[in-house]
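Let me begin by presenting the structure, written as structure tokens, before commenting on it.
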Amino acid sequence: MKHITRTLNALTLLTLVGSARAANEPAPQTDSGRTIVKEVIVDAPRAEVWTAWTTAEGITTFFGAAANIELRHRGPFEVFFDLNQPEGLMGADGCEVLSWLHEEMISFTWNAPPQFRDVRMQRSFIVVQLFDVPDESGAPGRTRVKLTQGGFGEGEQWDQVYEYFDNAWGYVTQALVERYRDGADVRQGKAHTPDPSRHYIYFLRPADEDLLSRTEFTDAERQAFAGHIEYLRDLLATDKLILAGPCADPAQMPDSSESMVPLGIPAVGLVVFRARDDAEAKAVMEADPAVAAGIFRAQVNPMNLAHIRP
């Protein structure tokens, strides 16, 4: 039986691109052959992790604000991140289930975030596979989760999409791990207090000092701004973001009140977030589309949140 399952898994992986392209939505004009693979060990049995990935109630405990999932061929597999956006721009709108093996594997189509408008209507695919991880007695108790994304096209915007998801799926899979990190307490929805030593802050300032006083922006700047906002929403959806927003420094804001006191720091925005270590914190900052595009300069520092409302 295990041999049959492995064979079916292999066949599924080989045929997913063709299945995705049989759908109504367009596929990339040229498949680049690139894949993203993320693997984590989750402290929960396979049946429970399966429910977390294949139901709207389960997936929203670690990924997204809402979801619409029906486990059937061509059934919806939609995860929504911003419910204030119009239909079609809330997240993974229109994505569909491709195939599944009960408690072993599910595959579904996936789209790019709205800021990548040239390729958003094209579909890549995701495969999530689950494997038992036996304990010392040989009994299954934990689950190895392997997430694979393929079907990327070629071109500059596809390169940006690939880089975006290479970071994003790392956060999502880690959020799944943290959902079960404290055992039953987390599964029952009890609050988890983050470790203050793993908080970071990065400050943003425009690379062009005249940016805030301008009324017209280039296409690249508008795309970077939209990408920045979507990126922060993704960090929020995966429980990485603590807070983010502009620092209304009157020294750099053209319409500020004379009664406001300058902040005295070279920044007009800040992002407070969680990361495992300094290297991951730097990667989070550098993956911000506005930073990656050179629209904003940024600096990241550790931050100790000594007082925070639970």
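Take GLN157 and decide whether it is touching a Phe, Trp or Tyr at 6+ places or on another chain (Cβ under 9 Å), polar (S, T, N, Q) and assigned to a loop (DSSP other than H, G, I, E, B). Judged against the criteria, GLN157 is not a match.
Scanning the range 122-151 for residues that are at pLDDT below 90 and assigned to a loop (DSSP other than H, G, I, E, B) turns up ASP135, GLU136, SER137, GLY138, ALA139. Of all residues in the range 34-48, those that are under 18 Å from ASP135 (Cα atoms) and in the same structural domain as ASP166 (by TED's automatic domain parsing) have Cβ atoms under 9 Å from Cβ atoms of residues that are part of a helix (DSSP H, G or I) and charged (D, E, K, R), 6 or more apart or on another chain, in VAL42/GLU48; VAL42/ARG179; ALA44/ARG179; ALA44/ARG187; GLU48/ARG187. Being under 21 Å from GLY64 (Cβ atoms), at pLDDT below 95 and among the aliphatic types (A, V, I, L, M), is that true of even one residue in the range 98-115? Looking for residues that are under 21 Å from GLY64 (Cβ atoms), at pLDDT below 95 and among the aliphatic types (A, V, I, L, M), one finds at least one in the range 98-115, hence yes. Do we have ARG123 as over 20 Å from VAL172 (Cα atoms) and of a type in the set (Lys, Arg) here? So ARG123 fails the test. Remark: pairs (first residue in the range 281-310, more than 16 Å from ARG222 (Cβ to Cβ); second residue surrounded by fewer than 12 Cβ atoms within 10 Å (Cβ to Cβ) and at pLDDT below 90; Cβ separation under 7 Å; 6+ apart in sequence or on different chains) = PRO310/ALA191; PRO310/THR193.
Looking only at residues in the range 179-199 that are farther than 20 Å from ASN304 by Cα and charged (D, E, K, R), which one is modelled with the highest pLDDT? So, considering only residues that are farther than 20 Å from ASN304 by Cα and charged (D, E, K, R), the one modelled with the highest pLDDT is ARG179.
Suppose the filter is more than 24 Å from GLN160 (Cβ to Cβ) and not aromatic (Phe, Trp, Tyr); does GLN129 pass it? Against the criterion (more than 24 Å from GLN160 (Cβ to Cβ) and not aromatic (Phe, Trp, Tyr)), GLN129 qualifies.
The values are calculated or read from the model by the stated rules, or taken from the named source; none is laboratory data. Bear in mind that the values here come from a model prediction, so they are computed numbers and not experimental data. Every residue, glycine among them, receives a Cβ derived from its backbone with ideal geometry; neighbour counts consider all protein chains shown.
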